[in-house]
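One structure is given below, encoded as structure tokens.
The values are calculated or read from the model by the stated rules, or taken from the named source; none is laboratory data. A quick note: this is a predicted structure, and the numbers were derived from the prediction, not measured. No Cβ is skipped: glycine too gets one built from the backbone with ideal geometry, and neighbour counts run over all protein chains shown.
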Amino acid sequence: MCGRITQRRTPGEYAREIGWTLADGLDLAGPPAYNKPPGTQVLLLHRLPEGACHVDRLNWGYRPHWATTKSIPPAINARIEKAASGRFFAPLWRAGRVIVPADGWYEWTGKPGHKQPWYIRLESDSPMFLAAIAGFRADRDPDRGCGLAIVTESADAGMVDVHDRRPVVFSAEDALLWLDTGLAAEQAEQLARSRSRPAQDFVWYPVGKRVNRAGNEGPDLIEPIKLPLEPEPGLTPSMF
């Protein structure tokens, strides 16, 4: 699962980290975002059909046009086990691969009414590159095939402490390969399954509950807190 991310750096910082010396769309900088929920515009990195490097903003949440007539809600995540071949996402897997740059994401543990937020980031605190797929068409509004979904996989090793799902996170080198328009869908699936960064590259810690409200912002949201010695009822850490 990936249901809230941070994008606190500028488009230029993300572009440089992935190795792009020239890219269009670097003027899309906004205020640092410490609490980006689905349904909002997030930064993404992608290549135009002719190969140019491009930064854009796109709605987080995707559904194909045929799904709107069936009242199917937009999907915010695409499970790697089905995304490459399922009717919902397969066209995007072939020709809509993008990267969502982020600095971390949040997960919650515990029972309703006692949810504890956790923040997950790279141990180095450097930018991370989340595999995503998007229906990106400048001539369509968000309800007609636009939007993106972040690719997720089963959590491994210690990461299952917070949730049983996690986003596929690439290194800069693998992110560039994911964006290669010449990479076949089958090769992209193998890349996502084999090259996601391992659990030992990450750290995760509890943060304050102010992040629970999607409208709240600020760097204090990612500051670690100490949990009470006696956990609240139903609070058992389990990652993603």
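Within the range 73-92, can one find any residue that is part of a loop (DSSP other than H, G, I, E, B), within 27 Å of Pro11 (Cα to Cα) and free of Cβ contacts under 8 Å to residues at least 60 places away in the same chain? Scanning the range 73-92, I find no residue that is part of a loop (DSSP other than H, G, I, E, B), within 27 Å of Pro11 (Cα to Cα) and free of Cβ contacts under 8 Å to residues at least 60 places away in the same chain, so the answer is no. Every test in (1) at pLDDT 90 or above; (2) touching a Lys or Arg at 6+ places or on another chain (Cβ under 6 Å) is passed by His65 save one, and that test is (1).
Residues of the range 1-25 that are of a type in the set (A, V, I, L, M), in contact with a strand residue (DSSP E or B) (Cβ under 6 Å, 6 or more places away or on another chain) and either modelled with pLDDT under 95 or part of a loop (DSSP other than H, G, I, E, B) (or both): Met1, Ala23. Which one of these does Arg166 not meet: (1) basic (Lys, Arg); (2) at pLDDT below 90; (3) surrounded by 20 or more Cβ atoms within 10 Å (Cβ to Cβ)? That leaves (2) as the condition not met. Every condition in (1) surrounded by 12 or more Cβ atoms within 10 Å (Cβ to Cβ); (2) modelled with pLDDT under 90 is met by Asp139 except one, and the failing one is (1).
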